[in-house]
Amino acid sequence: MPKKKAIIEFCRVYKQRKTAVFGFVVVVVFFLAAVFAPFIAPHSPREGSGIPFDPPSKEHWLGTNDVGVDIFSELVYSARVSLTVGFVAASAVVIIGSLIGLISGFFGGFLDEFLMRITEIVLVLPRLPLMIVMAAYLGPGMWTIIFVYSVVGWATLARQVRSQVLSVKESDFVEASRAIGASNSHIIISHIMPNVWGVIIANAIMEVMFAILVEAGLSFLGLGDPVHKSWGVMLYFAQIQGAFLLGTWWWIFPPGVCIALLSSSFNFIGTALNDLFGLKLGKR
Amino acid sequence: METIYKVEELKKLFPVKRRGIFERTRRYIHAVDEVSFNINKGETFGIVGESGCGKTTLARMLLRLEEPTSGKIFFKGQDITSVDRQELKNLRKKMQMIFQDPYSSLDPRKTIYNLVAEPLKVHKVVQDGTREEKVKETLALVDLPTTEEFLGKVPDELSGGQRQRIGIARALILGAEFIVADEPVSMLDASVKAGITSLMIDLKQRIGLTYVFITHEIGLAYYTCDRIAVMYLGKIVELGNAEEVIRKPLHPYTQLLMEAIPPLQPDEQWGKTITERGELPLFDEPPKGCRFHPRCPAAKDPCSMDEPELKEITQGHHVACLESW
Amino acid sequence: MSSRWLFRRLTSGVMVLFAAMIINFAIPRAMPGDPVDSFTSGVKLTAEARQAIVERFGLDKPLWVQFARYFVNTLKGDFGVSFYYFPKPVLNIMMQALPWTLLIVVSAMIFQVIIGYFLGVAAAWRVGTRFDSIIQTVSITVFSSPIFWVAMVFLYVFGFQLEWFPLGGNYTAGESYPNTFAFLLDVMKHAALPIATLAFSRFAVYQVLMRNTMVGVLREQYIVTAEAKGMGQFRVKHRHAARNAMLPMITFAGVSLTIQIGGSVFIETVFSYPGIGKLIFDSVISRDYPMLQGCFFLFSLLVIIGTIVVDFLYLFLDPRIKY
Amino acid sequence: MRKKRALVALGAIIFILTFVMAFSPLSVAEAKTKYVVAWYADPGAGMNPFLARAHSDYIFIPWMYEPMNIETWDGKLIPWLAKSWEYKAATMEWIFHIDERARWSDGKPVTAEDVKFTFDVAHKYDAVVGNPTKKYVDAITVVDERSVAFKLNETLAAFPSTVGQVLIVPKHRWSNVGDVTKYTNPEPLGSGPFKFKEFKQRTYLALEKNELYWQGPSDIDELVVRVFSNMQAEIQALQKGEVDFIPDLAGVENLLRRLSADKNVNVQMEMTNNTFYVALNYRREPLKNKQLRQALDYAAPKERIVTIALAGYGDLPLMGYFAPVVKKWVNPTVTWEGRKMEEEVRINKANEILDNLGWKKGSDGIRVTSDGTKLEYRIKCMSDPAFIRTAEMVKDNWAKIGVKLTVQVHDRRTLYGGIVFGGKSTKDWDFLLHRSVLRPDPDHIAREYAPEPPQSWYNATAFGWENDEMQTILKKSRREMDETKRIMMIKKFQEMFADELVVIPLAHKHMGYAYRTDRFVNTNEFDVYTSLIPLVNVVGMKLKK
């Protein structure tokens, strides 16, 4: 009953932000496109269905690439890889980050000191070069990118969750709960978690954005899976196969626009959530 | 008179973190320094002092929310400083706390029902089916509505007085006998204060509770408490019957506290008062000798040398001052 | 500034460097299979050459001996010999590339700060208006666009189509210049697009930061007082308010050095700019592991130096701060 | 305020210092004929001709250091530093005579001592340098000032072409270098048409005319090699006239049409001995079955690979491993049977073969052999667009005959060093999409398909392939000094190779170069692509009058 009220209230406030609504719509559209790719794409995403380097036409809405593959179809199918990497990598990061943040913040002491030292180091180390070094050793592929991102990306979240946990842990109502005789697990489950998940969710959305960007970036450097194409891999091929010199703008622009659109949508949503949850927390 | 609570030489030191490269000496803040007293069943025991004097730490230790550095606490003859976790959890049913800030001591994301029912869930004492009845019963006890609508509200929708009543309900629902109230009304508006205070007094008589009432307003203590302990810098400086302590304060510090409150009637006078000199000092180490001597208008030479002990001057009236007898 | 602060700063820097070393040490050894393969990345090797590598890295010794050797070598600046540039040492090649990266990254950062400053102040001044929200939206969109794609579009439009700028490189190779000025002009012409891309893609962070701090500062009493005194808008904006809002931006400039230099991998790859980012890319292509590891270490070092420098700057700018 | 100014000044100083650090003293221009060459790789190893062998920098080292002879794609040997050579069968000795005109750029003559010294060094550091002649040479002796004798330990017909792979260095410069594998040769001294001038790592290499060049000084005063890392920029630079010559157009077939249309540019794309093929791991069941290989061959989309993956710059393959360009050795009769058929017909035919074997398609469309092996395989290739696209085409077509492929991509080193060949190869592959650029002399086939000793690495035994008859022929051909007989053997081998379908050839790829024709004319007398095209090309470039 109160939850329902909260959700309605949340939707009302959320709806006031045009960019956030726009972001939500875009994400839903891309998600549906990825799921129903076979029904949306007019051609095969891999096999040539036209002459190479054909400019946009009725038959090929976004033209064709160097082997005559319909770029629109390729684009629709690529959404699958980009979204998969985005969500899987972000989930991994969120799980690792929140666990470490929670443990560190709640239990404190030596464990906290130790975990936070590691977090600090991971935060300072140059992320992209580190990811590139690891990916180069592991060999190109989607799972490489997911792994590499999870290893490097969790630190920011861990720190935020920790500070949030700390502030909740020190709060009077947790003390009050202790006075009642509540155990640690009761406090974590019924007090800490409900007060931290706002931060986690807002961050998770941002992580999806970063994961999508990182996937695109590493793929562009040739560390992505060239067989299961993502938008980044499409751009990698466009760059190598001379899309510039041939003036095939329909090969360069769409994948980039898709990445930009999707990641900025996640950014809009994330920013909005951050503000909304931030307000609630700030009130207390 | 039956002693329900007995405190023996209770002490709490907080280490001051100072980690240099070379120096690793540890220093401590003496928050509570070897305090001893008894609490009788059915009485309201007041602890009075300025903020920072250690009264909150003392209160928290009474319920073992804070681990004492040394000393013993007996609740009905059982030493609670050495009980294990499970036993402590059981004891918690009997001894409860009411918090100072009704705004922050309630989880803002929980409904009234969940807040009041939380102790029941934690201790699993009441069957799920009868939980709601118990909650309503307790809410009625603290004069709050028991409608579904009210149960579904969140703390943000309540007034300060209502919140504090929720806090009291949470303390009572498990059937506590001993309640530590840490400045329960200091954050409330004057109009609400009286309501909460009289509710507490009322409950004490109806259920037969024992209170430890912590406050910085000595006037409030006068009206609510049977006995009063005045604390200064972690020490009890005066302890006795409320009436006596306030009408005839023996310690200069108590007198100083009295100065701060206006008399009830213009022609009425409180006991002996003195005018303040200085403020509560920030300290790592308490001053040598009597802790109050730097501020004390009546201080003499020995005050800075010897630390006075708490001594019984008249029947049940203790004071720790070299000059008072 | 106390010696304690300095000590803390340095120890944390050293710890990060140590971590970078451990990572570099562990990765090739953690890979499945024969470690020698990790070190040679499977180049065809005769038995003698293989033995030489085993000896060079001490791969037959216990791990701690290997680490000690590696540790000492790293401290001496010996990151090993590049596979691709064999027999040249990694350090040599990196040092030739570094100035070029610094040139574009530092220049771009100056532009970012300037753009971010003005847009941020403008947005904060009209906080909550349509103007503000448009700027916010644009900032977020630009920030979320993949930097290499922005670079590709810039290159396509200004390089290939309009032919305003050269398509890559740091200066016209082998060209004889009449004077130094002509040479610098050529260098600037080559650096223009990379700098523009980097500045464009990353100004948003500064803009948002500037706006948010500025909004906070504008609410402060002394600003209201200044306005009430009838002080000119420009003065209030730029002298009083912005000055105080600048500090977080400067801290961030140091922190963002990581991201910026990281971003140079993409920029330099697209524009074929022979800095350290391009070096990383080339090393990925040729699987030049010693070079990759060297670059990673160098980046870590730069980041640490960057943060320390910023701390000093901060001290210099804000008289209230004492470490 | 003062602090602020100091800060600005500090920033400015750092900024200027960055510049100063980056740039060294500048050369002042004179009116000179400059020829700019575009190259995609940095001369990483420096100017050491011994190490250059292992790198792509081989392409410009020969402007400074020259070989004994140059091999063209049609199988001819062009005498270069060595004007002639002969074989003494009795003593198993090859004697090379050095051109009297040949001299180093400091004026000293190129002597037999220099040749002996070069080969001795190359043999000594064979482990790193990987010299091709070491195994066969017993001793090198100086016969007279201009003649040098190589005494072999066995007969080797291909010896002269093998000798051409080594670049000769002056003894008087190198005799006290020490370990040549650690030497970057900062001041090269060679016999070639150009002298070293300046080198900026990852940016450019500048060479200047060798006035004393023994074949007559070049028309070009200064030769600049600009390092590009982007083929598109390279091509645009050529069209704009910023670059005069692109020696290697690999991997940009799509762009060549645009380049060919340019009046001022001559694009020279020619067939080389460069073959795309699918290799099979014979350890995998049932790839030993010749009929299966036949079916796979029929179903391979070879025409589309030529027209799309190679953008038309390729030819349907001969089946005997050799490309038609190697006129001397090739057996032109081993053409692909599927050449005349429509793709659909071929796929039907392939299906028919497999149906006849009794291997039925399952519900998932994948065939299962009679002993229950599912025809489900991985095809591995390098992560190069042309390879990936080719592999995908093969995959799509083979799916139509019930053979399922998964394309797996690796970087070159992992693939060849870690999986297929190499000391610790895992042999964990089924199909390999491979491209080999083979030198014209067939000796390398013997080394690859009939290695001696048999279990050495980096050869076709990595495929698990064995065939005594074919391997014997190859071994014999290496020692056959009668060229006609040797050609017969090689042609016979090609027939057997085609019949056996050892690998499935997909296409012969063209290679080529492009240069501007508005300032220079190419008076090159060799119209055939050679392995040293830059050297030959530049020597033949004359200023347009």
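The values are calculated or read from the model by the stated rules, or taken from the named source; none is laboratory data. Owing to the predicted nature of the structure, the values given are computational and were not obtained by experimental measurement. Every residue, glycine among them, receives a Cβ derived from its backbone with ideal geometry; neighbour counts consider all protein chains shown. Please note that ligands, DNA and RNA were not included when accessible areas were found on the heavy atoms of the full protein model with its side chains. Shrake-Rupley method; radii C 1.70, N 1.55, O 1.52, S 1.80 Å.
Please verify whether the stretch D:246-256 includes one or more residues that are within 12 Å of chain A (Cβ to nearest Cβ), modelled with pLDDT under 90, open to solvent by less than 10 Å² (accessible area, probe 1.4 Å) and over 20 Å from the mean Cα position of the chain (by Cα). Scanning the stretch D:246-256, I find at least one residue that is within 12 Å of chain A (Cβ to nearest Cβ), modelled with pLDDT under 90, open to solvent by less than 10 Å² (accessible area, probe 1.4 Å) and over 20 Å from the mean Cα position of the chain (by Cα), so the answer is yes. In this structure, is residue C:211 closer than 18 Å to residue C:257 by Cβ, among the basic types (Lys, Arg) and either assigned to a helix (DSSP H, G or I) or within 10 Å of another protein chain (Cβ to nearest Cβ) (or both)? Criteria not met by residue C:211. Picking from residues in the stretch A:102-120 that are within 12 Å of chain C (Cβ to nearest Cβ) and open to solvent by less than 30 Å² (accessible area, probe 1.4 Å), the one that is nearest to residue A:208 (Cα to Cα) is A:119.
Among the residues of the stretch B:104-148, those identified as part of a helix (DSSP H, G or I) and farther than 15 Å from residue B:166 by Cβ are B:121, B:122, B:123, B:128, B:129, B:130, B:131, B:132, B:133, B:148. Of all the criteria given as (1) outside any helix (DSSP H, G or I); (2) open to solvent by less than 20 Å² (accessible area, probe 1.4 Å), the one not satisfied by residue D:363 is (2). For residues in the stretch A:202-222 being touching an Asp or Glu at 6+ places or on another chain (Cβ under 9 Å) and more than 7 Å from every other protein chain (Cβ to nearest Cβ), which is nearest to residue C:269 (Cα to Cα)? If we take residues in the stretch A:202-222 being touching an Asp or Glu at 6+ places or on another chain (Cβ under 9 Å) and more than 7 Å from every other protein chain (Cβ to nearest Cβ), then A:219 is nearest to residue C:269 (Cα to Cα).
Among the residues of the stretch C:170-185, those that are within 24 Å of residue D:41 (Cα to Cα) and open to solvent by 20 Å² or more (accessible area, probe 1.4 Å) comprise C:171, C:172, C:175, C:176. Contact annotation: residue pairs with Cβ atoms under 7 Å, 6 or more positions apart or on different chains, pairing a residue in the stretch C:248-276 that is acidic (Asp, Glu) with a partner that is in a loop (DSSP other than H, G, I, E, B), are C:268/C:275. The condition of being part of a loop (DSSP other than H, G, I, E, B) and either farther than 23 Å from residue C:252 by Cα or in the same structural domain as residue C:242 (by TED's automatic domain parsing) (or both) holds for only one of C:169, C:159, C:120, that being C:169. Taking the stretch A:112-185 as the region of interest, the helices (runs of 4 or more DSSP H) fully inside it that hold 3 or more residues being of a type in the set (Val, Ile, Thr) and out of contact with any His (no Cβ under 6 Å at 6 or more places or on another chain) are A:142-169.
Could you check the stretch D:130-186 and list, in sequence order, the residues that are open to solvent by less than 10 Å² (accessible area, probe 1.4 Å), out of contact with any strand residue (DSSP E or B) (no Cβ under 8 Å at 6 or more places or on another chain) and outside any helix (DSSP H, G or I)? Selection gives D:156, D:158, D:169, D:170, D:185. Number of residues in the stretch B:149-163 that are more than 13 Å from chain A (Cβ to nearest Cβ) and either crowded, with 17+ Cβ neighbours inside 10 Å or in a helix (DSSP H, G or I) (or both): the value is 4.
Would you be able to say whether some residue in the stretch B:61-68 is more than 14 Å from chain A (Cβ to nearest Cβ) and closer than 19 Å to residue B:238 by Cβ? Checked against the condition, which is being more than 14 Å from chain A (Cβ to nearest Cβ) and closer than 19 Å to residue B:238 by Cβ, the stretch B:61-68 yields no hits at all.
Quick grid of which residues meet (1) away from every other protein chain (no Cβ under 14 Å); (2) under 26 Å from residue A:27 (Cα atoms):
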position: A:69; (1), (2): no, yes
position: A:84; (1), (2): yes, yes
position: A:96; (1), (2): yes, yes
position: A:100; (1), (2): yes, no
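Among the residues in the stretch C:15-32, are any modelled with pLDDT under 80, within 14 Å of chain D (Cβ to nearest Cβ) and surrounded by 13 or more Cβ atoms within 10 Å (Cβ to Cβ)? Yes, the stretch C:15-32 contains a residue that is modelled with pLDDT under 80, within 14 Å of chain D (Cβ to nearest Cβ) and surrounded by 13 or more Cβ atoms within 10 Å (Cβ to Cβ). The set of residues in the stretch B:295-314 being in a loop (DSSP other than H, G, I, E, B) and surrounded by 15 or more Cβ atoms within 10 Å (Cβ to Cβ) consists of B:295, B:296, B:298, B:299, B:307, B:308, B:310. Residues that are within 14 Å of chain A (Cβ to nearest Cβ) and part of a helix (DSSP H, G or I) occur at least once in the stretch C:79-94. Residue pairs whose Cβ atoms lie under 9 Å apart, separated by 6 or more positions or on different chains, with the first residue in the stretch B:105-129 and facing chain A (nearest Cβ under 9 Å) and touching a residue at least 60 places away in the same chain (Cβ under 8 Å) and the second surrounded by fewer than 22 Cβ atoms within 10 Å (Cβ to Cβ) and assigned to a loop (DSSP other than H, G, I, E, B), are B:105/A:171; B:106/B:154; B:106/B:158. What are the residues in the stretch C:264-307 that are among the aromatic types (Phe, Trp, Tyr) and either surrounded by fewer than 24 Cβ atoms within 10 Å (Cβ to Cβ) or part of a helix (DSSP H, G or I) (or both), if any? Across the stretch C:264-307, the qualifying residues are C:266, C:281, C:289, C:296, C:297, C:299. Of the numbered criteria (1) crowded, with 20+ Cβ neighbours inside 10 Å; (2) under 16 Å from the mean Cα position of the chain (by Cα), the one residue B:65 fails is (1).
Checking each residue in the stretch A:1-60 for being of a type in the set (Val, Ile, Thr), within 13 Å of another protein chain (Cβ to nearest Cβ) and in contact (Cβ under 8 Å) with a residue 60 or more places away in the chain picks out A:19, A:26, A:27. What do you reckon, is residue C:115 free of Cβ contacts under 8 Å to residues at least 24 places away in the same chain, open to solvent by 30 Å² or more (accessible area, probe 1.4 Å) and in a helix (DSSP H, G or I)? In short, no. With respect to the conditions (1) more than 8 Å from chain B (Cβ to nearest Cβ); (2) crowded, with 21+ Cβ neighbours inside 10 Å; (3) free of Cβ contacts under 8 Å to residues at least 24 places away in the same chain; (4) among the aliphatic types (A, V, I, L, M), residue A:180 falls short on a single one, namely (1). Filtering C:250, C:267, C:321, C:280 for residues that are at pLDDT below 70 and either more than 27 Å from residue C:151 (Cβ to Cβ) or of a type in the set (A, V, I, L, M, F, W, C) (or both) leaves a single hit, C:321. One residue stands out among those in the stretch A:223-236 that are modelled with pLDDT under 90 and at the interface with another protein chain (Cβ under 8 Å from one of its Cβ atoms): the one that is surrounded by the most Cβ atoms within 10 Å (Cβ to Cβ), which is A:223. Identify, please: which residue in the stretch D:360-404 is in contact with a Gly (Cβ under 6 Å, 6 or more places away or on another chain) and free of Cβ contacts under 8 Å to residues at least 24 places away in the same chain and is, among those, farthest from residue A:220 (Cα to Cα)? Ranking the candidates gives D:370 first. With the condition kept exactly as written, say whether any residue in the stretch D:283-299 is modelled with pLDDT of 90 or more and within 14 Å of another protein chain (Cβ to nearest Cβ). No, the stretch D:283-299 contains no residue that is modelled with pLDDT of 90 or more and within 14 Å of another protein chain (Cβ to nearest Cβ).
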